[in-house]
1. Rounded to the nearest 20 debye, what is the charge dipole size of region 54-124 about its Cα centre when +1 sits on each Lys and Arg Cβ and -1 on each Asp and Glu Cβ?
2. How much length is gained if the chain between A77 and Q46 is pulled fully straight, taking 0.36 nm per residue apart and subtracting their Cα-Cα distance, in nm to one decimal?
3. Give the residue from S55, Y70, I24 lying farthest towards the positive end of the charge dipole for region 7-102; charges sit on Cβ (+1 for Lys and Arg, -1 for Asp and Glu) and the dipole is referred to the Cα centre.
4. If you roll a 1.4 Å probe over the heavy atoms of the protein chains, what accessible area per residue do you get for the chain, in Å²?
5. For the chain, set up a GNM with springs between Cα atoms under 10 Å and report which of R75, R117, R102 has the largest fluctuation.
6. Compute, for the chain, the length of the dipole vector about the Cα centre, with Cβ point charges of +1 (Lys, Arg) and -1 (Asp, Glu) only. Units Debye, rounded to 20.
7. Divide by every residue of the chain the summed helix terms, -39500 (n - 2.57) for each DSSP H run of at least 4, and state the resulting mean residue ellipticity at 222 nm, rounded to the nearest 500 deg cm²/dmol.
8. What aspartates and glutamates sit close enough to K80 to cross-link, taking a C-alpha to C-alpha distance under 20 Å and skipping anything fewer than 8 places away on the same chain?
Amino acid sequence: ISGVQPQSEIKALAFDTRSNHLWIGYDGYGLFLLEAGEIAPVTAFQDKGILNVQSLLVEPDGTLWVGTLYNGVIRYAEKKLSAYSHKEGLSSDHVQAIFIDRDKSVWIGTAYGGVNRLRPGRILSYGE
């Protein structure tokens with residue numbers, strides 16, 4: 001992969017069954033997409049300096065959630081980024097895990113901040 005060192009750490013993988021794409025999250029190099037046998041960077045993330053991907057989750061509709069080390073959690077849908085960080089009420093920008101329950105709440109596990117629940121219009125925090 002151009003620009004990625006062979007010893008680079010892959011932190012997360014997520015497969016989109018709808019499109020047959022594999023999302024690849026690197027620590028230090030950002031988000032990449034394996035499509036039709038080719039791996040390419042997702043420039044929307046690199047352009048914004050979002051390089052430390054820690055976790056990935058794909059919703060059935062193809063929406064991608066990206067947990068990062070310094071930028072909180074990013075929702076990536078229709079080639080648009082929506083960020084949820086400490087500034088928006090997330091308890092920590094160090095996102096380690098993401099889960100979506102049957103009610104469509106996004107659960108965000110962080111380092112140094114406990115668990116957060118993202119619901120339309122608000123973030124609830126459950127301390128560490």
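The values are calculated or read from the model by the stated rules, or taken from the named source; none is laboratory data. Values in this document were obtained by computation on a predicted structure and should not be read as measured data. Glycine gets a Cβ as well: all are built from the backbone with ideal geometry, and neighbour counts include every protein chain shown. Remember, those area values only see protein heavy atoms, side chains included, never the ligands or the DNA or RNA. Shrake-Rupley method; radii C 1.70, N 1.55, O 1.52, S 1.80 Å.
1. Dipole of region 54-124, to the nearest 20 debye: 140 debye.
2. This chain segment gains 9.5 nm when fully extended.
3. Going by the Cα projections, it comes out as Y70.
4. The answer is 57 Å² per residue.
5. R102
6. Its charge dipole is roughly 380 debye.
7. -500 deg cm²/dmol, from helical runs alone.
8. Counting by Cα, and skipping residues close in sequence, K80 has these aspartates and glutamates nearby: D16, E35, D47, E59, D61, E88, D93.
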